[in-house]
Amino acid sequence: MNVQNFNKTIPLCLLIGTALPGIATASPELFGKANLSVASLDDDNGSSTAVTSHSSRIGVKGSIETKSSIEVSYRLVWQVDMSDDSKSSDDHLKSREQYVGLKDHWGELRIGRHDTPYKKAGKKNVEFFSDSFADWNNIITKKHDKRADSSVSYYNTVGPAKVSFMYAGGDDSTTGENAGDILSGAADMKFDDISFALAYQDIDTTGTATKVVVGYKLGDSNFGIVAENIEPEVGNNDTTNTMFSAKHKLDNYTVKFTYGVAEATTGSDDPTMTALGVDYKIDSNVTLFAYWADGADGGLAADSDLAGEATVIAAGIVAKF
């Protein structure tokens, strides 16, 4: 995706309502998030100071009401590197979720690129350091943390559960025979102050994964725990990853803590990650943050590439529009 194509997309969305007869559409909504930090990084290879863009993004979304009961929705999001790479060829722009959906009393169907139900299940109940050096992705392998291409997803509410299912075609060429295709499903439930999520995923050529997430709200405090079991396609070395998180709100401040353990696939020590931080909310759309994160035995290596024994001290800003 290059900048020229991106610039063409928003006018295209603006024309959706007039290009199709017999429909009414609300104006597309432009939205985004800038997430930037200044950090001191230290690992087995040395130390540095880094200014990093953490999944900053921009997008457009909207819906179209038709003459029938079906509502058409669309969402197109691009990740923007605001600190390092400036050329599109250097990953300055990356495609995130991009889909069109149909919604009615029977639920919602989405087609395009989307996070798998497994990835999304229970996320907000336990991942209090998302899009940072202390993200859950840093303690797990990312084989099952997927934003799937060529996907068809279904969403509905059944009793107390929000259920979701996805099939993604993997290599959908006629010669690829759908190698790497994905089956993913999840159920998210909430009972008073307790939230519960269960998810399962099968990726051809990778293996299967099962995840359980529990969240509990006690006054101004939230606690979450996640446990996932990964079974590879080849071999018997199943692994279990676990993480505990907590946060407590004090007026405009939120104190956060997380501790995660990834079971080692070899005889080495299990990688661990510990993080402690504080957020200060200036208003509903702007938050200042600071945190300390420590990774032992590669506990910060999976996504941030900080090897061995690593430490991060970071501060930054999240601004949404």
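What the table shows:
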| read-out | value |
| --- | --- |
| Which listed residue is more than 24 Å from Q79 (Cβ to Cβ), surrounded by 14 or more Cβ atoms within 10 Å (Cβ to Cβ) and modelled with pLDDT of 90 or more, from K247, K281 | K247 |
| Some residue of the range 164-173 being in contact with a Phe, Trp or Tyr (Cβ under 8 Å, 6 or more places away or on another chain) and aromatic (F, W, Y) | yes |
| Search result, residues across the range 180-235 that are under 21 Å from N156 (Cβ atoms) and of a type in the set (G, A, S) | S184, G185, A186, A187, S195, A197, A199 |
| Which numbered condition E228 fails, given (1) within 17 Å of the chain's Cα centre (by Cα); (2) modelled with pLDDT of 95 or more | (2) |
| Exclusive hit being in contact with a strand residue (DSSP E or B) (Cβ under 6 Å, 6 or more places away or on another chain) and either more than 30 Å from A301 (Cβ to Cβ) or at pLDDT 90 or above (or both), set A50, A19 | A50 |
| Answer residue from the range 137-151, given it is among the charged types (D, E, K, R) and not in a strand (DSSP E or B) and is nearest to A302 (Cα to Cα) among those | K142 |
| Cβ-Cβ under 9 Å pairs, at least 6 apart or on other chains, the range 140-159 side of a type in the set (G, A, S), far side buried (at least 17 other Cβ atoms within 10 Å of the Cβ) and part of a helix (DSSP H, G or I) | A148/K119; S153/P117 |
| Residue within the range 222-233 that is touching a Leu at 6+ places or on another chain (Cβ under 7 Å), over 25 Å from S268 (Cβ atoms) and not basic (K, R) present | no |
| Conditions (1) under 18 Å from G46 (Cα atoms); (2) touching a Ser or Thr at 6+ places or on another chain (Cβ under 9 Å); (3) among the hydrophobic types (A, V, I, L, M, F, W, C): number failed by M273 | (1) |
| Candidate set from the range 250-281 (those that are part of a loop (DSSP other than H, G, I, E, B) and acidic (D, E)); member that is nearest to K143 (Cα to Cα) | E263 |
| Residue within the range 2-16 that is at pLDDT 65 or above, surrounded by 15 or more Cβ atoms within 10 Å (Cβ to Cβ) and not basic (K, R) present | no |
| Condition met for I317 (part of a strand (DSSP E or B) and either free of Cβ contacts under 8 Å to residues at least 60 places away in the same chain or over 21 Å from the mean Cα position of the chain (by Cα) (or both)) | no |
| Number of positions in the range 172-194 that are surrounded by fewer than 16 Cβ atoms within 10 Å (Cβ to Cβ), charged (D, E, K, R) and over 22 Å from N125 (Cα atoms) | 2 |
| Qualifying strands (runs of 3 or more DSSP E) (wholly inside the range 152-249; at least 2 residues being touching a Pro at 6+ places or on another chain (Cβ under 6 Å)) | 161-168, 182-191 |
| Subset of the range 36-89 (residues that are of a type in the set (G, A, S) and more than 25 Å from W136 (Cβ to Cβ)) | G46, G62, S63, S68, S69, S73, S86, S88, S89 |
| Breaking point among (1) in contact (Cβ under 8 Å) with a residue 40 or more places away in the chain; (2) over 30 Å from D220 (Cα atoms); (3) of a type in the set (D, E), for D188 | (2) |
| Top-ranked residue of the range 286-319 - restricted to ones that are among the hydroxyl-bearing types (S, T, Y) and under 26 Å from G32 (Cα atoms), ranked as surrounded by the fewest Cβ atoms within 10 Å (Cβ to Cβ) | T287 |
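The values are calculated or read from the model by the stated rules, or taken from the named source; none is laboratory data. Here the structure is a predicted model, which means the values were calculated and not measured. Here Cβ is always computed from backbone atoms with ideal geometry, including for glycine, and neighbour counts include all displayed protein chains.
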